[in-house]
1. Residues Leu126, Leu108, Leu141: which one is surrounded by 13 or more Cβ atoms within 10 Å (Cβ to Cβ), closer than 18 Å to Ser58 by Cβ and touching a helix residue (DSSP H, G or I) at 6+ places or on another chain (Cβ under 8 Å)?
2. Quick test for you: out of Ala120, Ala96, Ala88, pick the one residue that is buried (at least 17 other Cβ atoms within 10 Å of the Cβ), in a helix (DSSP H, G or I) and within 16 Å of the ligand (Cβ to nearest atom).
3. So is Gln59 touching a residue at least 40 places away in the same chain (Cβ under 8 Å) and more than 11 Å from the ligand (Cβ to nearest atom) or not?
4. What are the residues in segment 15-43 that are within 16 Å of the ligand (Cβ to nearest atom) and in contact with a Gly (Cβ under 8 Å, 6 or more places away or on another chain), if any?
5. Across segment 49-73, what is the total count of residues that are open to solvent by 10 Å² or more (accessible area, probe 1.4 Å) and part of a helix (DSSP H, G or I)?
6. Please enumerate the residues belonging to segment 2-22 that are more than 15 Å from Gly65 (Cβ to Cβ), touching a helix residue (DSSP H, G or I) at 6+ places or on another chain (Cβ under 8 Å) and open to solvent by less than 60 Å² (accessible area, probe 1.4 Å).
7. Among the residues of segment 23-46, what is the count of those that are under 19 Å from Ala88 (Cβ atoms) and open to solvent by 60 Å² or more (accessible area, probe 1.4 Å)?
8. Give the residues of segment 75-85 that are touching a residue at least 60 places away in the same chain (Cβ under 8 Å) and open to solvent by less than 10 Å² (accessible area, probe 1.4 Å), sorted by residue number.
Amino acid sequence: MSQQIGIASDHGGKVLKDKITRFLKEQKLIVEDFGVPLDSSASVDYPDFAAQLSLSISQGKLKRGILVCGSGVGMSIAANKFPGVRAALVQDEFTAKMCRLHNDANVLCLGERVINHDRALDFVKLWLTTEFEGGRHQSRLDKITLIEQTQSAAPSK
Ligand code: RB5
């Protein structure tokens, strides 16, 4: 596991973010932390933090990232607005593995208030170590890319 990985949270995810960051560093991964700091007492807006990390992925500066909020839902919605970002909201081991095998998920979203924090590290391990299967799954991802390219230009009403 030698790669750089981004991580970000809002106030609802900062405790789990800190635990995951310490775990990643123990694995000798280089972590780029987009905030929010653990000692911050501010209530912040999760799209701001999702956007910073997701932009880095979208621009090819980072290959992988982890987003944490209270439920994981807001982070996943925001991250998936960015072209090239495939964010998966994960609450179990099966999804942690499948989102890599079939979806090549490059962003892992977790809910601090939903999942057991020790188990969350197992999800991170699975997501980091499972390779994309390619093949028929690649052509499905190509269709998602086509949606990104064609639907983003849709005029608003
Ligand atoms: C913050 O209270 C909470 O709404 C946020 O962390 C997240 O769960 C949103 O999806």
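The values are calculated or read from the model by the stated rules, or taken from the named source; none is laboratory data. Keep in mind it's a predicted model, so treat the numbers as computed, not measured. As a convention, Cβ positions derive from the backbone with ideal geometry for all residues, glycine included, and neighbour counts pool all protein chains shown. Heavy atoms of the whole protein, side chains included, go into the accessibility calculation; ligands, DNA and RNA do not. Shrake-Rupley method; radii C 1.70, N 1.55, O 1.52, S 1.80 Å.
1. Unique residue meeting the criteria: Leu108.
2. It is Ala120.
3. no
4. Scanning segment 15-43 gives a single hit, Phe34.
5. So the count comes out to 8.
6. Gly12, Lys19
7. Residues in segment 23-46 being under 19 Å from Ala88 (Cβ atoms) and open to solvent by 60 Å² or more (accessible area, probe 1.4 Å): 1 in total.
8. Selection gives Met75 alone.
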